[in-house]
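Participant: I'd like to ask some things about the structure below.
The values are calculated or read from the model by the stated rules, or taken from the named source; none is laboratory data. Given the structure is predicted, the values throughout are model-derived calculations rather than measurements. Please note: Cβ atoms are built from the backbone with ideal geometry, for glycine as well, and neighbour counts cover all protein chains shown.
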Amino acid sequence: MTDSNIEFGDIHWLMDILQNIDVGLVVLDRQYNIQLWNGFMESHSGLSPQKAKGENLFELFSEIPKDWFMKKAEPVYQLKTRTFTIWEQRPYLFRFKNYRPITGRASVMYQNTSIIPLESINRSVDHICVIIYDVTDIAVSREDVMSANKTLSELNRTDQLTELASRGYWLKELDREFLRCQRSVVPSTLVMFDLDDFRSINGHYGHQAGDQVLRSVSEGLRQTLRQTDQVCRYGGEVFSALLVDTDEDEAVVFAERVRKMIERMDIRYGQQSIRATASLGIARYQKSFTTAQDWLQAADKALYHAKESGRNKTTVYQPKAH
Amino acid sequence: MTLTPTEVSLSEDQRDCYQELTNVAMGQAADRLARLLDVYVVLPIPKVNLIESSDLHMAIQDAETDSAMSAVCQGFIGSGIAGEALLLFNDTSFSDLAALMNYGGELDRYGELELLMDVSSLLIGACIQGIGEQLEIHFNQGHPVVLGQHCKVDDILKSGNHQWTKTLAIEIHYTIEHVNIDCDLLLLFTEDSVAKLNNKINYLLD
């Protein structure tokens, strides 16, 4: 066996590997004509190397935006540097269809590509190699994680029992509104209210009946709201509402509407009919508040006053200075 | 994975040598940028340091203000020497960057991603290649990973749980004349690469 035979054998193996490797390999010349087209490319495009060779890349694959691709490829010729594209930029370079009917969950193959310079004997770069990686699984699972995160953050924003905003989310909105109020002359008003003697409803009808009361009140509340009002279940049987662009008088109208709505409600739990009432406290934004917490406390004070003075009532917070 | 018992070290001579090496690589990178984009890149003196993993955060924060940033990371490996290049952009740079790269499209999130990828290919590639050529190492580069767009450093380095304690870091602050482009390139080698790199450097020092 001579040396040249061995070399010939080596090249034969290399060709076999190129043909069978599970990444796409395309060699392009300076005019972007295809010079090499490996087995991966043939399999996914259905185009044989004989058909592809010598053809212009952009004429054969109209899905490849010429300007975009040349922006990535020209530095490779000019600077002998490698460039890369990732699926986040463009999902694919070549539009290859999903080829896995059972485990493939995307309609197309997501691709990352590397573009590398191929030096000729005189060290100039007259050819480039485009390497195509199938990253569909990575892309799909990344998109799954993102949509799961979105669902989680939505779950975080709602109270599970009543489907009103959660306390955490609402408090953030309150902080934002507080900052806006500090800069603005348009007033906003806070309403806090709580169901009277909720403990005895729980004690008398059971906790599940109590939950039904909370759900019914929340449903009624949703129908009473304007689009800009932000309501949450603050905790237990306490609710709070942030009424943007609303002065005290308008807030009183809102609060009374809520109070009467609850008073009139006939809440059904199984065979039983449950009635509830609520006490409400109102506090308009005051320049003297230094934090959103002060504002909350003022509304809480008004609520306490409504409770003390007989329940099923609305009370407005009076700043001490007056 | 086995832990290397050898302490990572860096002598003054070695530090100078790394600095020189990076200078030359950056000179080449700047030359390439000049040819491609017709701009003059201001070459600063690169900072070469051994940093502890707990300092990584600070090293980056040091280079940047606390404004929003975008970051791209790319791994490289050759002759058993491996590392990652981290490119950090101050978000205020994008419109100037677009003008520089002749990017005509809209500067939305995708437009910015395109720019990030193009610029990082150029800067990281040129620098890695320059260092590799001098040390006669052929570095293979992995695919760039976008660590974040418009985030704080905390979000970019959220993992925090690094598998190393102390390693070699080369930090380059790029600025381009007459335009508001402000980016930092941080090359971080793996802990066990440092001894091998030092060996290569010692050849140059002899």
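Participant: A:Phe84 passes all but one of (1) closer than 24 Å to B:Leu36 by Cβ; (2) more than 14 Å from every other protein chain (Cβ to nearest Cβ); which number fails?
Facilitator: Tallying (1) closer than 24 Å to B:Leu36 by Cβ; (2) more than 14 Å from every other protein chain (Cβ to nearest Cβ), A:Phe84 fails exactly one: (2).
Participant: Okay, moving on. Where residues in segment B:81-138 are away from chain A (no Cβ under 14 Å), among the hydroxyl-bearing types (Ser, Thr, Tyr) and surrounded by fewer than 18 Cβ atoms within 10 Å (Cβ to Cβ), which of them is nearest to A:Asn112 (Cα to Cα)?
Facilitator: Top of the filtered list is B:Ser95.
Participant: Out of A:Asp294, A:Asp266, A:Asp229, I need the residue that is touching a Ser or Thr at 6+ places or on another chain (Cβ under 9 Å), surrounded by fewer than 22 Cβ atoms within 10 Å (Cβ to Cβ) and in contact (Cβ under 8 Å) with a residue 12 or more places away in the chain. Which one?
Facilitator: A:Asp229
Participant: Considering only residues that are of a type in the set (Ser, Thr, Tyr) and in contact with a Ser or Thr (Cβ under 9 Å, 6 or more places away or on another chain), which ones fall in segment A:107-157? Quick ask: steps written out before the conclusion?
Facilitator: Our first condition is that a residue be of a type in the set (Ser, Thr, Tyr); within segment A:107-157, this holds for A:107, A:110, A:113-114, A:120, A:124, A:133, A:136, A:141, A:147, A:151, A:153.
A:Tyr110, A:Thr113, A:Ser114, A:Tyr133, listed by residue number.
Participant: With the requirement that a residue be out of contact with any Asp or Glu (no Cβ under 7 Å at 6 or more places or on another chain) and surrounded by fewer than 21 Cβ atoms within 10 Å (Cβ to Cβ), what does segment A:182-195 give you?
Facilitator: A:Gln182, A:Arg183, A:Ser184, A:Val185, listed by residue number.
Participant: Another one. Which of the numbered conditions does A:Ser273 fail, given that it passes all the others? Conditions: (1) in contact (Cβ under 8 Å) with a residue 24 or more places away in the chain; (2) in a strand (DSSP E or B).
Facilitator: Failed condition: (1).
Participant: Another question, then. Out of (1) part of a helix (DSSP H, G or I); (2) not assigned by TED's automatic domain parsing to the domain that holds A:Ala241, what's the single condition that is false for A:Asp126?
Facilitator: Going through the list (1) part of a helix (DSSP H, G or I); (2) not assigned by TED's automatic domain parsing to the domain that holds A:Ala241, A:Asp126 breaks only (1).
Participant: Restricting the search to segment A:127-166, which residues are in contact (Cβ under 8 Å) with a residue 60 or more places away in the chain and loosely packed, with under 15 Cβ neighbours inside 10 Å? Let's see the steps before the verdict.
Facilitator: Here is the first cut: in segment A:127-166, the residues in contact (Cβ under 8 Å) with a residue 60 or more places away in the chain are A:127-134, A:159, A:161-162, A:164-166.
Within segment A:127-166, A:Leu161 is the sole residue that qualifies.
Participant: Given the structure, is A:Tyr92 more than 9 Å from chain B (Cβ to nearest Cβ), of a type in the set (Ser, Thr, Tyr), closer than 28 Å to B:Gly75 by Cα and more than 30 Å from the chain's Cα centre (by Cα)?
Facilitator: no
Participant: Follow-up question, since we're still on this one. Mind checking which pairs have a first residue in segment B:17-37 that is within 14 Å of another protein chain (Cβ to nearest Cβ) and without any contact (Cβ under 8 Å) to a residue 24 or more places away in the chain and a second that is surrounded by 15 or more Cβ atoms within 10 Å (Cβ to Cβ) and assigned to a helix (DSSP H, G or I), Cβ under 7 Å, 6 or more apart or different chains?
Facilitator: Hits for this filter: zero, empty list.
Participant: Separate question: In segment A:245-260, what count of residues is obtained for those that are surrounded by 17 or more Cβ atoms within 10 Å (Cβ to Cβ) and either outside the structural domain of A:Tyr304 (by TED's automatic domain parsing) or within 35 Å of the chain's Cα centre (by Cα) (or both)?
Facilitator: Total satisfying the criteria: 5.
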